[in-house]
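Asker: Pasting a structure here, questions to come.
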Amino acid sequence: MHCPNCRGKNLGKIGVQLYYCWTCYIELSIEKGKLNMNQIEPDGSLSPLNDLFPEEERTISEDRLLS
Ligand SMILES: [Zn+2]
């Protein structure tokens, strides 16, 4: 699995189906086979990034999760 934003693999698992990209500082959560992306603002609030990515880029298959 890689980050859809920076294409990097510098992802840390921070919870159940919850990942964090250390390169671009976004939080990735997986819900019903789709990635939800949020940017973490300096004040700790979340800005949704989902609109920036087409749906097919946010769709994730189980085997990609395991790799
Ligand atoms: Zn990234």
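Laboratory data are not the source of any read-out in this text; all were calculated from the coordinates shown. On a predicted model such as this, the values are computed, not experimentally measured, just so you know. Here the Cβ positions follow ideal geometry from the backbone for every residue, glycine too, while neighbour counts run over all protein chains shown.
Asker: Given the condition aromatic (F, W, Y) and either more than 9 Å from the ligand (Cβ to nearest atom) or in contact with a Ser or Thr (Cβ under 8 Å, 6 or more places away or on another chain) (or both), answer yes or no: does some residue in the range 45-56 qualify?
Answerer: Yes, there is a match, as at least one residue in the range 45-56 is aromatic (F, W, Y) and either more than 9 Å from the ligand (Cβ to nearest atom) or in contact with a Ser or Thr (Cβ under 8 Å, 6 or more places away or on another chain) (or both).
Asker: Now for a different question. State the number of residues belonging to the range 3-43 that are near the ligand (Cβ under 9 Å from one of its atoms), within 13 Å of R58 (Cβ to Cβ) and assigned to a loop (DSSP other than H, G, I, E, B).
Answerer: Result for the range 3-43: 3.
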